[in-house]
Every structure is written in structure tokens, then in C-alpha cells.
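J.: Input: one structure, supplied below.
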Amino acid sequence: MCLGIPGKVVRIWDDRGTPMADVDFGGASKDVCLAYLPDLAIGDYTIVHAGFALTRLDEESALASLEMFRELGMLEAELGIVLPEPAAASAASEEVGDEVPR
């Protein structure tokens, strides 16, 4: 299954006439083609599928979707990488006391 993943544009450049961007997906960054949305700006959120930015998305919807994909375990599979655990989840596991008996 291939999903459209929301991400935040963090850098834009021109690659031999093709607008490109680094898009952050909650801790992982990928190069994305902006040919379909050349007016995207740094800080905008977009849905990315197959390496192309397809539509602009508001921040609230983008972050909610990213969290849902992460909770379902689908984000890493779609991006092909391992994402860092969110800070809130790390802190919660430390509070529970995941100590190893000695």
C-alpha cells in the first residue's frame, strides 16, 4: 500500500529547472519534487506520494495525520526508514521505570 504522507518543507532548491525540496516527516527528511506545486514555500505542509508534493495541507491536519501514521506503525514502512521516537513517548517510558533487574 502506498500512502500520501504529510511533511513540512524545510529547504527549497532548483535542480536543473525542477523545483525540489527537503521535506521533514516528523524526524526524517526526504528529497521531494515540487513540479506539481512550485509555489510551496519553506514552512508549508504538503502531502507527498512517490516523491512528489501533491497538495498543500494545513499544519494541524498534517501533524494529526503524522501522529496517526506513527501510532499505526505505517510511517516507517512508507518512508523506508526508522524514525526517532517522539520526545513525549521517551519521557513516558522512562517514568514507568523500564529498569533491568541486576
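The values are calculated or read from the model by the stated rules, or taken from the named source; none is laboratory data. Not measured: the values here are computed from a predicted model. Positions of Cβ are backbone-derived with ideal geometry, glycine not excepted, and every protein chain shown enters the neighbour counts. Each accessible area value is taken on the protein alone, full model and side chains, heavy atoms only, with ligands, DNA and RNA left out. Shrake-Rupley method; radii C 1.70, N 1.55, O 1.52, S 1.80 Å.
J.: Write out, first by first residue and then by second, each pair whose Cβ atoms fall under 7 Å of each other, whose residues are 6+ apart or on separate chains, and whose first residue, in segment 18-30, is under 15 Å from G43 (Cβ atoms) and without any contact (Cβ under 8 Å) to a residue 24 or more places away in the chain while the second is open to solvent by 50 Å² or more (accessible area, probe 1.4 Å) and not in a loop (DSSP other than H, G, I, E, B).
T.: Filtered contacts from segment 18-30: D22/V10; D22/R11; D22/S29; D22/D31; D24/K8; D24/V10; S29/V10.
J.: (1) modelled with pLDDT under 95; (2) in contact with a strand residue (DSSP E or B) (Cβ under 6 Å, 6 or more places away or on another chain): which one isn't true of L40, the others all being true?
T.: (1)
J.: Those residues that are closer than 14 Å to L63 by Cα and in a loop (DSSP other than H, G, I, E, B), I need them from segment 8-27; list them, please.
T.: F25, G26, G27 - these are the residues of segment 8-27 that are closer than 14 Å to L63 by Cα and in a loop (DSSP other than H, G, I, E, B).
J.: Mind checking which pairs have a first residue in segment 1-17 that is closer than 16 Å to F52 by Cβ and modelled with pLDDT under 95 and a second that is open to solvent by 60 Å² or more (accessible area, probe 1.4 Å) and assigned to a loop (DSSP other than H, G, I, E, B), Cβ under 8 Å, 6 or more apart or different chains?
T.: Hits for this filter: C2/A50.
J.: Moving to a separate point now. Would you check if there is a residue in segment 38-54 being of a type in the set (S, T, Y) and without any contact (Cβ under 8 Å) to a residue 24 or more places away in the chain?
T.: no
For every residue, the table says whether it meets (1) among the basic types (K, R); (2) open to solvent by less than 50 Å² (accessible area, probe 1.4 Å).
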{"residue": "G7", "(1), (2)": "no, yes"}
{"residue": "P19", "(1), (2)": "no, yes"}
{"residue": "D22", "(1), (2)": "no, yes"}
{"residue": "K30", "(1), (2)": "yes, no"}
{"residue": "D39", "(1), (2)": "no, no"}
{"residue": "G43", "(1), (2)": "no, yes"}
